[in-house]
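*Asks:* Supplied in structure tokens, the structure appears directly below.
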Amino acid sequence: MALLEISGVSKNFGAVSAVDRVSLSVEQGELFALLGPSGCGKTTLLRLIAGFERPDRGRIAIDGGDVTDVPPYRRPVNMMFQSYALFPHLDVVGNVAFGLKQEGMARGRREARVAEMLALVQMSDYARRRPHELSGGQKQRVALARALAKMPKLLLLDEPLAALDRKLREETRLELIGIQERVGTSFVFVTHDQEEALGMASRIAVMDKGRVAQIGSAAEIYERPRSRFVADFVGAVNLFDGVLAAGFNAVALKVPGLEAPIALLAEAELPEGGEAALAVRPEKLRLSPGRPEGIAIAATVEGINYQGGVSVVHLVAASGHALKAQMASAAATSFERGMPVWASWDPADGVVLAR
């Protein structure tokens, strides 16, 4: 039995459908991400799980018990807010102990639990500091310790790394993963950062306009998106829109502006004459000065975006299509602006998206 079961949940605010018939499950010990652009419904869904909002329809169950109508304080859930919401008049110990004190936990047990949580997040040396004396990363750790102190079965995190700078976000990702593995609590976190979701989550639910577009592991979401939205939102992608046509022993995609149809390797039968898109990730695109065998598109280098160890080569195909190729920066030095090249890829690296 899954720890969290959401079945056909919807939530409207007036005429706006914030969450629309969402169904998903989270297993015990999972680090589960709700990923999507602003306004897609991910934070509303998190608030529904926490009990801060009540669904208009559908059911929410935690550890086998229906909590759809249960108030937040009676759910085996805790939430870490994006702002951290630390009490400025309390020191670190006071903040972590607050919820335990409200529950009436005996002083000795409370002090032991606080010490355990501060050691877990490596904040024992800052026990007597006030929030204004802490850095952003330290505040984040205190908020996490406070959220975990009550030993919830499920911890909800709303954009937990949004307030941190890029370098600290990368370091904190690894810390969060390590803490989650040590305590064994299931985490559900909201983010709009694709890199954050791909790098942290055991599974990801990509949301769009209140609905779940796809659920899967990071590799499944990135390598095998099931819709144009998922392919375009999660990472960079080259998209070719066209019409399906029968080729020699295969299916091909006729793309306006391209001289020859693109050969496809389709796992399922696709209707001839139907509209479809082909998604090819930039790192799958190969560039060469001479025309290679197989799929090949003539293009011109428009610019090279150096990003340290890797570079992104921006191209304009003869058809007018804008393309991107990602490669090691050492390899990118072989190309320069205005240079004619051929872009190619292995048919197995393209993902067909029926429309």
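The values are calculated or read from the model by the stated rules, or taken from the named source; none is laboratory data. If you're wondering where the values come from, they're calculated on a predicted model, not measured in any experiment. Virtual Cβ from ideal backbone geometry, glycine too; neighbours counted across all protein chains shown.
*Asks:* Looking at the stretch 227-250, which of its residues are farther than 20 Å from residue 192 by Cβ and part of a loop (DSSP other than H, G, I, E, B)?
*Replies:* 248, 249
*Asks:* Among what's in the stretch 136-189 and is at pLDDT 85 or above and assigned to a loop (DSSP other than H, G, I, E, B), pick the residue that is farthest from the chain's Cα centre (by Cα).
*Replies:* In this case the residue turns out to be 150.
*Asks:* Check 128, 113, 109 and return the single one that is outside any helix (DSSP H, G or I), over 23 Å from residue 52 (Cβ atoms), at pLDDT 90 or above and not aromatic (Phe, Trp, Tyr).
*Replies:* Values: 113 fails: outside any helix (DSSP H, G or I); 109 fails: outside any helix (DSSP H, G or I).
128 is the lone residue from the list that is outside any helix (DSSP H, G or I), over 23 Å from residue 52 (Cβ atoms), at pLDDT 90 or above and not aromatic (Phe, Trp, Tyr).
*Asks:* Scan (1) closer than 21 Å to residue 232 by Cα; (2) part of a strand (DSSP E or B); (3) at pLDDT below 95 for the single condition residue 298 breaks and write down its number.
*Replies:* Evaluating residue 298 over (1) closer than 21 Å to residue 232 by Cα; (2) part of a strand (DSSP E or B); (3) at pLDDT below 95 leaves (1) as the failure.
*Asks:* In the stretch 65-89, which residues are closer than 21 Å to residue 186 by Cβ and free of Cβ contacts under 8 Å to residues at least 24 places away in the same chain?
*Replies:* Scanning the stretch 65-89 gives 65, 66, 67, 68, 70, 71, 72, 73, 74.
*Asks:* Check the stretch 327-335 and report whether any residue there is at pLDDT 95 or above and closer than 19 Å to residue 277 by Cβ.
*Replies:* no
*Asks:* Return yes when residue 39 is at pLDDT below 95, under 13 Å from residue 190 (Cβ atoms) and either not assigned by TED's automatic domain parsing to the domain that holds residue 76 or not in a helix (DSSP H, G or I) (or both) and no when it is not. Step through it out loud before you land on a result.
*Replies:* Values: at pLDDT below 95: yes; under 13 Å from residue 190 (Cβ atoms): yes; either not assigned by TED's automatic domain parsing to the domain that holds residue 76 or not in a helix (DSSP H, G or I) (or both): yes.
Here the answer is yes, as residue 39 does meet what is asked.
*Asks:* For the stretch 178-192, indicate whether the set of residues that are surrounded by 15 or more Cβ atoms within 10 Å (Cβ to Cβ) and small (Gly, Ala, Ser) is non-empty.
*Replies:* Yes.
*Asks:* Return yes when residue 171 is surrounded by 18 or more Cβ atoms within 10 Å (Cβ to Cβ) and acidic (Asp, Glu) and no when it is not.
*Replies:* Values: surrounded by 18 or more Cβ atoms within 10 Å (Cβ to Cβ): no; acidic (Asp, Glu): yes.
Against the criterion (surrounded by 18 or more Cβ atoms within 10 Å (Cβ to Cβ) and acidic (Asp, Glu)), residue 171 does not qualify.
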